[in-house]
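Shown next, in structure tokens, is the structure this report addresses.
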Amino acid sequence: MALKGNLRDFSVTQLLNLINLARKTGVLTIESDGTTARMYFREGRLLHASIAGQDDQLTAILQKAGKITPEQAQIIRTRSQVHTDKELGLLLINAGYLSQDDILSSVKQHVLDVVYYLFPFAEGRFHFEPDQLPPADRITVSLDLESIIMEGSRRIKEWERLHEELPDLDVALKFAERPRTPLRHINLNVDEWRVISFINGRNTIRQIAQHNGMGEFQIRKIVYGLLAAGLVELVEPAEQKRRAEAVPAGGPAQPAKPPVKRNVIMRIIDRIRRI
Amino acid sequence: MQNVKIVITGPFAAGKTEFIRSISEIDVVSTERRISDNSRVVKEETTVAMDFGRITIDQDLVLYLFGTPGQKRFDFMWEILSEGMLGFVLMVDSTKSETFREARQILDVFKKYAGVPFVVAANKQDLPDAWSPEDLRIALRINSDVKVLPCVARDKESVKHVLLELLYTILETLEEGVS
Ligand SMILES: Nc1nc2c(ncn2[C@@H]2O[C@H](COP(=O)(O)OP(=O)(O)OP(=O)(O)O)[C@@H](O)[C@H]2O)c(=O)[nH]1
Ligand SMILES: [Mg+2]
């Protein structure tokens, strides 16, 4: 099923949230202002990312991470007999030159650099191609999207986007029922923890901000990140009312009853089935 | 004679008029106008006040389907139309992600009018660029207890399916009330 659109309408944060929650496998391509970027995912985890035209061979990645010098990079490029990143990685490890961890952490940093570079893009076409995996010769990583989404939303600067995504501050927050990653595994900063400590299904976003002496921009940004990472959810107005009235806890939120008898609905169902 | 109604809402060009047209026994009493502004590139006509369809259930029960106008500048009509409804369908054009944000805002407004049951119709599933209902659920932040249904508003069977699912949901809320 296609997944196409413009970042104007559906941001990088929202895309990563979707890929995370739907546990998608495939490649997300973003084209903006002459830049073409690709991010590969497997079951909702980030494997690889690259920007077209940028050297993302392992040699360049290791040099960028300071693991090898420009001179060493030059030697590898001109003299190396190996052809793929995987072969080169093995060679460097077997020669005792670098550890596996050196290599993986450099690749991870490269992938994150690409993704964080894309976060602020406010314009540009995107499309998601299911089931495509990175080229087989690439060294891949496997990164949780929740932490990436939190970090990305910390970098948001435009007020408008936050305002659109979260128009109403008088709604309460609750923890997501089935977060994919436990909270303690996600890198949260002090302010984010302070917000989390006030989440109880009754406190509104505005009240949480007041308790913590936070301004509107700051609280929106933190809540947006927590929502996008799938860690918390908004409490529906009906449910909020019920919770506020302190009805014995538990039970799903009940919608208001339509102003009819059961028998009326049965007759309508019966009729529509026969149309 | 008892009259009941279901409201079909959603952004501009989501397919609300088409949906009602597919199942109504009368020609949809539509207040369509030719479009005068730049929305015209999308289609020729838009609903300016409401659509109005009818299904006679039996001798003393009639179901009316009301479609809300999709364009924002007619949103003063929404509250009037939603008065006393059994439930509503939020129609979304699954191929147009530029309308998802608005769809969510419309949903928030409708939820406030009355906490009646609703379903989401992921319309235009016959088109290759349609987002799947599961992806739409996440994009629109629809809770897991709300149905997001595939829909092709031009297809009567598909429209029946959406309406029936809404009616089953309404029935459930009535049954919860009994226990
Ligand atoms: N392919 C396809 N096209 C559809 C479907 N449903 C509606 N359309 C087309 O989409 C366009 C918009 O449909 P309408 O029914 O006018 O939409 P609306 O929601 O009533 O629009 P407004 O009244 O202007 O808000 C029309 O050209 C329809 O023919 C569908 O399921 N599949
Ligand atoms: Mg219409």
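Scanning region B:131-164 for residues that are part of a loop (DSSP other than H, G, I, E, B), open to solvent by less than 10 Å² (accessible area, probe 1.4 Å) and more than 7 Å from every other protein chain (Cβ to nearest Cβ) turns up B:Leu140, B:Cys151, B:Ala153.
Restricting the first member to region B:123-143 and to residues that are farther than 18 Å from B:Arg154 by Cα, and the second to residues that are of a type in the set (A, V, I, L, M, F, W, C) and within 16 Å of ligand 2 (Cβ to nearest atom), the beta-carbon pairs closer than 8 Å and six or more apart or on different chains are B:Leu136/B:Val92; B:Leu140/B:Val92; B:Leu140/B:Ala103. For region B:99-130, the candidate set comprises residues that are within 11 Å of chain A (Cβ to nearest Cβ), in a helix (DSSP H, G or I) and among the aromatic types (Phe, Trp, Tyr); within that set, the residue that is nearest to ligand 1 (Cβ to nearest atom) is B:Phe100.
Of A:Ser32, A:Ser99, A:Ser50, A:Ser80, all but one fail to be at pLDDT below 90 and open to solvent by less than 70 Å² (accessible area, probe 1.4 Å); the exception is A:Ser80. Being in a loop (DSSP other than H, G, I, E, B) and either at pLDDT 90 or above or surrounded by 12 or more Cβ atoms within 10 Å (Cβ to Cβ) (or both): is that true of A:Lys67 here? Criteria met by A:Lys67.
Okay, residues lined up against (1) under 18 Å from the mean Cα position of the chain (by Cα); (2) assigned to a helix (DSSP H, G or I); (3) touching a residue at least 24 places away in the same chain (Cβ under 8 Å); (4) not assigned by TED's automatic domain parsing to the domain that holds A:Asn20:
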| site | (1), (2), (3), (4) |
| --- | --- |
| A:Ser153 | yes, yes, yes, no |
| A:Lys157 | yes, no, yes, no |
| A:Trp193 | no, yes, no, yes |
| A:Arg206 | no, yes, yes, yes |
| A:Ala209 | no, yes, yes, yes |
| A:Met214 | no, no, no, yes |
| A:Ile219 | no, yes, yes, yes |
| A:Gly230 | yes, no, yes, yes |
| A:Glu233 | yes, no, yes, yes |
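Listed by position, the strands (runs of 3 or more DSSP E) inside region B:1-89 whose residues that are within 14 Å of chain A (Cβ to nearest Cβ) and either modelled with pLDDT of 85 or more or near ligand 2 (Cβ under 10 Å from one of its atoms) (or both) number at least 3 are B:2-9, B:51-58, B:61-67. Scanning region A:140-179 for residues that are touching a strand residue (DSSP E or B) at 6+ places or on another chain (Cβ under 8 Å), within 20 Å of A:Ser106 (Cα to Cα), away from chain B (no Cβ under 14 Å) and not acidic (Asp, Glu) returns A:Thr140, A:Val141, A:Ser142, A:Leu143, A:Ile148. Scan region B:104-136 for residues that are more than 15 Å from B:Lys147 (Cβ to Cβ) and within 16 Å of ligand 2 (Cβ to nearest atom) and the total you get is 2. Any chance region B:113-132 includes a residue that's closer than 25 Å to A:Val260 by Cβ and among the hydroxyl-bearing types (Ser, Thr, Tyr)? Scanning region B:113-132, I find at least one residue that is closer than 25 Å to A:Val260 by Cβ and among the hydroxyl-bearing types (Ser, Thr, Tyr), so the answer is yes.
Within the span defined as region A:130-150, every residue fails to be under 28 Å from B:Asp129 (Cα atoms), open to solvent by 60 Å² or more (accessible area, probe 1.4 Å), of a type outside the set (A, V, I, L, M) and touching a Lys or Arg at 6+ places or on another chain (Cβ under 6 Å).
The values are calculated or read from the model by the stated rules, or taken from the named source; none is laboratory data. Just so it is clear, the structure is predicted and the values come from calculations on it, not from any experiment. As a convention, Cβ positions derive from the backbone with ideal geometry for all residues, glycine included, and neighbour counts pool all protein chains shown. These accessible areas exclude ligands, DNA and RNA; they are computed on the full protein's heavy atoms, side chains included. Shrake-Rupley method; radii C 1.70, N 1.55, O 1.52, S 1.80 Å.
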